[in-house]
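Contents: one structure, followed by commentary.
The values are calculated or read from the model by the stated rules, or taken from the named source; none is laboratory data. Just so it is clear, the structure is predicted and the values come from calculations on it, not from any experiment. No Cβ is skipped: glycine too gets one built from the backbone with ideal geometry, and neighbour counts run over all protein chains shown. When the accessible area is computed, the model is the full protein with side chains, heavy atoms only, and any ligands, DNA or RNA have been set aside. Shrake-Rupley method; radii C 1.70, N 1.55, O 1.52, S 1.80 Å.
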Amino acid sequence: MQLQGDDLNLIKTKNIISAFLIKLLMYKRNLGRKEFIQFPNLSMAQKNDEDLMTYCQHLEALHSDFKKKFKKRGYS
């Protein structure tokens, strides 16, 4: 939602995308440590180490995809 609106410029857009990329890595790190502060519903769900590894892999893939896509456009 932060990328919507008329008052965006290159610097604001780059900062928003960079912050999102950092958050993805933080989410992955926290899930790997079994810290669910960003995912309160996950803390209550049954899960095993394999599930958490899968979630971490998905977050890593998402981070990698975003980084590739926005690097081509000069955002990262």
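For region 52-61, putting each phi into the Karplus relation 6.51 cos²θ - 1.76 cosθ + 1.60 with θ = phi - 60° gives couplings of 5, 5, 4, 4, 5, 5, 5, 5, 5, 5 Hz, in residue order, rounded to whole numbers and with x for Gly and Pro.
Working from Cα pairs under 8 Å separated by at least six residues, relative contact order for the chain is 41 percent.
Principal-axis analysis of the Cα atoms of the chain puts helix 10-32 at an angle of about 10° to the longest axis. On full extension, the segment bounded by Thr13 and Lys71 gains 19.6 nm, given 0.36 nm per residue less the C-alpha separation. Of the residues Tyr27, Ile17, Gln2, the one whose Cα sits farthest toward the positive end of the charge dipole of the chain, with +1 on the Cβ of Lys and Arg and -1 on the Cβ of Asp and Glu, is Ile17. Accessible area ranking (1.4 Å probe, heavy atoms, ligands and nucleic acids excluded), largest first, for Met1, Met53, Met44: Met1, Met44, Met53.
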